[in-house]
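What follows is a set of notes on a single structure, which appears directly below.
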Amino acid sequence: MNDARRNKSSGSRIVVLTGAGISQESGLSTFRDADGIWSQVRLEDVATPEAFDRDPARVHAFYNARRAGLLSGEIIPNAAHTALARLEREWPGEVLLVTQNIDNLHERAGSQNLLHMHGELLKARCLDCDGVQDWLQDMDLSSACSQCQSVGSLRVDVVWFGEMPYHMPDILAALVECDLFLSIGTSGAVYPAAGFVEEVRHQGRGHTVELNMEPSEGSRLFHEAQQGRATELVPRYVE
Ligand code: BJW
């Protein structure tokens, strides 16, 4: 981590963006790889507010299956998640981890300064009272909100296409102020996350690095890009 390391004594700030690629070696599918989630199901059928209005049972079933997988006990944090948690613990400056992932592998690895910009699979949101609650069970049309008791009003608390990602003002402020922006395991196909590197290049001053299996759609915008598996690249880069 040469550039950030140069500023270590001044307490430099690091923003890390992660995507599905960092959880792939934990056994979770990515979206746009050949065997990814969007090769099995059309995003228009499961990941838009319109899909939920049309067929909530289908959308619930899609997320219930992914929630069951995450809670099966077979999906555990890998060396890349662990390396980022260690970086946060040991770095003398600030490390902000922004994840597009809805799994809980970063927090299970020990990361604490973490923003889930696309929401969380293990949370439910009530369409009536907007309350958010932990949700480890299957969700269906008879599920009731524990806060307002409304029945049939719960949806998984994730950000679908056309919805505003969470924490955007905090993320944009951190990007402008950071000394290092590290993008890991994301294809750069989905905005606004895909535009973060340009935000740093145009509005900020940070060094920008991509660690991904293959060059992403915005790879050339980064100062540096390394290709390979997250479990190899991330521990090597942050140590
Ligand atoms: C490895 C690896 C290993 C594999 N090691 N690497 C034109 C028309 C309509 C809409 C738009 C449009 N242009 C822009 C939009 C907006 C739209 C959008 O971007 N659409 C694009 C498709 C063009 N975006 C939105 O609607 C967003 N909201 C929005 O923009 O609001 C307005 C706004 C404006 C201004 C500021 C702020 C807001 C919302 C997007 C919501 C995305 N939701 C999903 C589903 C969430 C819930 C769920 O999980 O089901 O989020 S879609 C899906 O894609 C998921 C992911 O978080 C997201 C990103 O995917 P990710 O993580 O990059 O995965 P992959 O599979 O694409 O890539 C994995 C990478 O890892 C690959 O490169 C591999 O090579 C690599 N890899 N194994 C290292 N072992």
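The values are calculated or read from the model by the stated rules, or taken from the named source; none is laboratory data. Just so it is clear, the model here is predicted, and its values are computed rather than measured. Reconstructed Cβ throughout: ideal geometry from the backbone, glycine too, with neighbour counts over all protein chains shown.
Taking residues in region 91-102 that are in the same structural domain as G195 (by TED's automatic domain parsing) and part of a strand (DSSP E or B), and partners anywhere that are small (G, A, S) and buried (at least 21 other Cβ atoms within 10 Å of the Cβ), the pairs with Cβ atoms closer than 7 Å and at least 6 places apart or on different chains are L96/A174; L97/S111. V15: crowded, with 21+ Cβ neighbours inside 10 Å, of a type in the set (A, V, I, L, M, F, W, C) and modelled with pLDDT of 95 or more, yes or no? Yes. For region 136-162, a residue qualifies if it is surrounded by 13 or more Cβ atoms within 10 Å (Cβ to Cβ), within 22 Å of L43 (Cβ to Cβ) and either within 14 Å of the ligand (Cβ to nearest atom) or aliphatic (A, V, I, L, M) (or both), and the qualifying residues are M139, L154, R155, V156, D157, V158, V159, W160.
Tell me, yes or no, whether region 35-53 has at least one residue that is more than 13 Å from the ligand (Cβ to nearest atom) and in the same structural domain as S143 (by TED's automatic domain parsing). For region 35-53, residues more than 13 Å from the ligand (Cβ to nearest atom) and in the same structural domain as S143 (by TED's automatic domain parsing): present. In this entry, A20 is excluded by the filter for residues that are away from the ligand (no atom under 13 Å from the Cβ), crowded, with 17+ Cβ neighbours inside 10 Å, in the same structural domain as L172 (by TED's automatic domain parsing) and within 18 Å of the chain's Cα centre (by Cα). The residue that is nearest to the ligand (Cβ to nearest atom), among those in region 59-90 that are within 23 Å of L154 (Cβ to Cβ) and assigned to a loop (DSSP other than H, G, I, E, B), is L71.
Within region 142-154, residues that are part of a loop (DSSP other than H, G, I, E, B) reach partners that are among the acidic types (D, E) with beta carbons closer than 9 Å, at six or more positions or on different chains, in the pairs C145/D128; C148/D128; S150/D128; G152/D140; S153/D128. Condition first: of a type in the set (S, T, Y) and in a loop (DSSP other than H, G, I, E, B). Now tell me which residues in region 185-239 satisfy that. Result: T186, S187, Y191, S216. Figure legend. Inter-residue proximity from region 208-227: first residues closer than 21 Å to V238 by Cβ, second residues of a type in the set (S, T, Y) and part of a strand (DSSP E or B), beta-carbon distance below 6 Å, spacing 6+ or different chains. Indicated pairs: E210/S183; F222/T208; H223/T208.
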